[in-house]
Structure formats: C-alpha cells, structure tokens
1. Report the full-extension gain for the segment Leu234 to Ser597: residue separation times 0.36 nm, less the Cα-Cα distance, to one decimal in nm.
2. Carbon and sulfur together cover what percent of the accessible area of the chain at a 1.4 Å probe radius?
3. So for the stretch 200-346, Kirkwood radius off the Cα pairs, Stokes-Einstein at 37 °C and 0.692 mPa s: how many µm² s⁻¹?
4. I'd like the Karplus ³J(HN,Hα) series for the stretch 274-285: coefficients 6.51, -1.76, 1.60, θ = phi - 60°, whole numbers in Hz, and an x wherever there's a Gly or Pro.
5. Between the stretch 236-292 and the stretch 182-223, what is the separation of their alpha carbon centroids in Å?
6. How many angstrom lie between the Cα centre of the stretch 82-114 and the Cα centre of the stretch 508-540?
7. For a test of the definition: using alpha carbon positions, the gyration tensor, and the 1.5 limit on a/c, classify the chain as rounded, prolate or oblate.
8. With the other protein chains left in place, how much accessible area per residue, in square angstrom, belongs to the chain at a 1.4 angstrom probe?
Amino acid sequence: MKFQGFLSRTSRFVLCLTASYALPLYAAPQTDTASVTRAALDPSLVDDRGANAHFVEQEAENAVTDGTIIGPARTAYTLPAEASGRAAVKLLPGQYVEFTLPEAANAITVRYSIPDSPTGGGITAPLDVSVNGRSLVTMTLTSQYSWLYNQYPFSNDPNAGLLFPDQYITECGCVPSATTPPPIITKPFRPNHFYDEQRLLLDHRYRPGDKIRLTAPASSNAAWTVIDLLDSELVGPTEHGDEPAVNVQRFGADPTGQRDSADAFDTAIAFAKQWHRAVYLPPGTYQVNRHILVDNVTIEGAGNWYTIVKGHQVTLSTPLPDGSVHTGVGFYGKYVADGGSSNVHLSGFAIEGDVRERIDSDQVNGIGGSLSNSTIEGLYIHHTKVGMWLDGPMSNLRIRDNIIVDQIADGINFHTGVTDSVVANNFVRNTGDDALAMWSDKIEDANNIFDHNTVQTPVLANGIALYGGTDNTISNNLVADPIREGSGLQVGSRFGAQPFSGSLWITNNTTVRSGPFELNWNIGLGAIWIYALEGSINADIEVVGNSFLDNTYNAIMLVSDFPVKDLYTITNVHFKDDRVDGTGTSVVSARVAGSASFENVDARNVGAVGVNNCGSFHFTPAGSEFTLIDLGSNDGGGTTGPWLAPWELPNTITCDDRPPVVPPPPPSPWVTPE
Ligand SMILES: [Ca+2]
C-alpha cells in the first residue's frame, strides 16, 4: 500500500511538471474521504436536531471509489431516490468504495442494495471488507428483506401482474380492468424498498484515518452492489446487568442460536418476577420464534451489539384470535383486553426478525401489546414488520435511544389512546410506512412527546405522522428523504382517527429533501403536510422554529381532497420563526378552505411563486377560500420576488399546481439578522 501511494504521488508530481494545464487528468480522487454527515448534510446545519447517535455517518457518494455514483435523483421506484442524500455508489464486480474513518471505530454498519432474484425472494452476495489494504472479512449481503413490488400491500414477485386491476393507477391514469385496450403494465411494477443494512463488529479498534474499503469481489454473483453509506462506531464493552439479575442461560437459553430459547426466556421471566429480580441476557444469539409476553419485568441485554434475540417467521396452522397467520420474535405486553402490561423495562439487546412481506393482520412486530409505566431503551430492532406497535389505551411509556431499521411497515406507532408517553433520541431508517406515528384510532393519543429523533428514508408514507390527538408535541427531530405517498411531517385527519383537539406543537424540527412528488395527485407535497381528508382540522396547531431544507416541491402544504373540498377546512394553524431554505416550487401550497397565520417565516431559494393559493377551487371574485394572515417579518423569497408579497395577501388566487420545478442549491448556513 505504501509503495502504491508513493507511485501515485510521483506520477502526480511528474504531471505537474510537464502539463500543469492538465490538472483534471490527475485530480481524482478529489473527495474529502473523512467527510462526516448527518442525513447527508453538514452536521453544523442540523445542530441539536435529531438523535444523538453513537455512530458517525459517511455517504458513499462522498467517498473514494472506482465505481459509479448514482443520483442524486428523487424519482420514486429508483435506487437513488431511496438512498440517503438521494445518491449512492454502484459497484460492478471488482469495484470498491473506500471510507476514511473520521473517529476511532470497532464496528461498522453498511447500507446497501443488491439485486433481487429473477423470481423474487432475494439473493445473497459477498462484500469484502478490508482495512488499510488488509483483508478482514467477507460480509454476506442479502436482498431477502428488500425488493417489494406492485400495489399496496405489495408482492415479492417481480413478475406478478397487477394485484388490483380494478383500482385506479396513476401510471396509465386509468382503471386497467375497465380500459380497452388494456394498458401495458411494465414489469416489475413499482419496485421499491431496495435497501437493507448490516452491522459488523470489527476485530479490534481502528484509528481515525484508517481506511475501510468495501469491495464487490470480482467473482460476485451479484450483477451490481450499491453502497449508500457507512456508519462507523466505537462500541463499548458488554454490560453485565444489575446484580442479582437472573441469567437466562441458567434456564437453558442457548447463546449459540442453535436451540429455540423461547421457553427458557419464559421460565427465567417467571423466576425473576417471583424473586423481584431483573432478567439478564448475556452476549450471544438467542433463537426465539414467537412472542415473549412481558408484564412487570425488567429484561437487560449486554448491549444491542452483543445480545441478539433472533427468530424465524413461523406460519401458523390456524390463525390467532388477533388475526395473525404468522408469528415471529417479539416482546409483547398483554393486550388491553387481557388487562395490559405495566412496569416493563427492556434494554440493551437486538431483535432480529424475519419478516419479508407485508400482511397487515400479522402481529410480527418487535415490540407490541400494551405497555404502561414502562421503558424501552437501547434496543436495535431489525427486519420486523413494525419496530414498536403499541395498542392502547395505555400511558407513561418511555422509548429512548433505540435504533429501528429495515422495517416492512412503521417504525413506532402509538395506536389508540396512548398518553403521557415519550419517544426520544431514537434513530429510524428505511421503514416501509410512517417512521413515527400517533394514530388516535377510536381513542385520542394525548400529551405525548416525540423529541430529538432522527428519521431517514421512509420508503412509503411519512417521517412523522399524527392522525388526530390532543396536546401532543413533535420537537427537535430530524427527518430526511421521504420518498412517496407521504412527506416529512404529516398532520392528517385520516384513517378514522379522532379529530385533533387542544394544541399540537411542532417545534424546532428540521426536514431535508422532503415535500416529494405525490404520484396519485400528480402534484408536489410540502415538507409539512396538513391534510383534512375525513374532517376539518381546527385544533390550535403551532409550527414554530422549524427548518425546512431543500424541499423537492413545497415547504408547507395545507390540503383537502378534491371530493371533500367543500366539506372540510383547516383553520387555526400558526407558523412562526420557521426557516425555509430551498423549494423546488412554493413555500406554501394551500389547496383547502381556511386560514393560517405567519410570523417571522423566512425563506430563500424559492423556486416558484411564494404562495400557491388554490383554496377550494371555486375561483370566485372574492378570491381564494384560503386566507394567509401576515403577522409580520416574513422575509426572503426567490426569483419571483418576496415569498409573502403584499399582492398575495390576504387571499389572492395564485393557483398553479404544476409550475416548473427549480432545484434549489444545497442548504447552507443561515446567516441573517434575526
Ligand atoms: Ca448515500
């Protein structure tokens, strides 16, 4: 390696002497390989927003490679769109990407994609890992948990015809079964959920400046290997549990993962409860292929890199009362109908599921049931359907410092009457539905806080979604790269939820590369998307101190659906002290009747008219049915002038749903007098 480096420097030197005009000939590789990002942004742009993670992120597109950068591009159903920062590196067999460690590390996480098998179901393929030129290990990548196709709730078969030919699809703008001649449907139809990630403990601690090279071997069976990013981390030593904890191995649990340990877990839990002790899960991999029922118990692992509870998906011979046709690994509180659980404390282990398809009736979640007066901390949850699906009513659950990645559906969902609970400092990437959600189904979710979480690349739906509820707070979160049928932050009267009431505080969040194209509506969304579909939204909604960065379309959208546009309104929304840096189209898109107030909402790099005001589409001489209330200090704009110009106020019709998109420059520090 040193010899090669010397050669390289010599050849540069010679070129300099002989052909100084030919700089580009030897300028590559040109990248700062130690560049650390958060959600593909300079960390200084998102200071104190999102989770304080243990790892540092480096995007492959900023690293050294002899492969090909794909993207940046944001079109759904494409590989770059689902990559962090909307770009990645594509390696052909024999090619590499190399990262320079910015900090000491003994562990890495690789986010990647490899092709599906021709008939679906996935393949495995090797990825060589070397450090400073020394071969270390060959990872086995898999596409068994990625690649879904077709209409919701999706298929694993790339060759399948339309699942629902009697449903409208935007691709033909038609109902295929009712159309003559029938439209030609390209297969695979709507491929998505391309990526997966894998963690690797290295053999020892490496130093800043050491070079981690990922190589697709020349002999790889994968036609290509896309690397999105590398997270590197210095993992601490194993934790031993609070004495005198009950060691699950004493009850026959097998840390080699060979034998099923579920019954041993049950026995250890029963013993621990009898003697009022915690259960300890020592380092190892424990095979558990069903739910572990938890109530009034503490279960502590040795740390989520060391203690892994891993299961196979099991097909049930008869469906369970809850509708499940499969079961799998998960820690479940009792359902409310069975009394609910309380005083459960889970920490320091990983849950590795085996969910490869979306079946909404299946309870194959990492955490489930009802868990009042409980804590969930320091878990790593992977390949389950939903990381944590809580069915209330229940109260006082604290969810902190967890990592939830590569889910088939949501990351965390507070479903039905979850109150006085906190979701803080969690990292959620690559969910197949809303990453963090409160769904006030039948009973309001109330007095909950989602704070300082990082959400990246939900491949369907929203980063953070609120469906009804009262007095909830969404604060200090970082949300990046929503891809389709959702956006960064959604406030929606949808899914039969109870109406919003009381107040909703959306404060000090940052979104980036949000406000994507809505394929069904054929228009762009807003990074924050307030949506009156099933009822008016008139609770007090305070949107304060947020930054909406690099919005693909709009920063803010208030909208109803066309069939109900004369039924529902949005009123009582208040924007204050928000920053909008870059919109492909407008700052505000209003496609609903109602009003909102704006105070000190500053914008720059705005691509279209500041306000796209359609109201409820009657276009009468009285103006739009939507009114903007200017409370002052709303500054800045773009090529079309100030974003909130006097001529737009209070309700000038400016309706143009599909203006040209002007991609903004990358976000940069906001240096203006306050
Ligand atoms: Ca990337």
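1. Numbers: separation 363, 0.36 × 363 = 130.68 nm, distance 4.64 nm.
Residue separation times 0.36 nm, minus the Cα-Cα distance, leaves 126.0 nm.
2. Numbers: 14040 of 25320 Å².
Answer for the chain is 55 percent, counting heavy atoms of protein chains only.
3. Details: Rh = 18.1 Å.
Stokes-Einstein gives a translational diffusion coefficient of 182 µm²/s.
4. Residue by residue, the stretch 274-285 yields 4, 9, 6, 10, 7, 9, 10, 10, x, x, x, 10 Hz.
5. 33
6. 32
7. Numbers: a/c = 1.57, a/b = 1.11, b/c = 1.41.
Since a/c reaches 1.5 but b/c is at least a/b, the shape of the chain is classed as oblate.
8. Details: 25320 Å² over 674 residues.
I get 38 Å² per residue for the chain.
The values are calculated or read from the model by the stated rules, or taken from the named source; none is laboratory data. Just so we're clear, the structure is a prediction, and the values are computed from it rather than from any experiment. Note: ideal-geometry Cβ built from the backbone for every residue, glycine included; neighbour counts use all protein chains shown. Areas reflect the complete protein model, heavy atoms only, side chains present, ligands, DNA and RNA absent. Shrake-Rupley method; radii C 1.70, N 1.55, O 1.52, S 1.80 Å.
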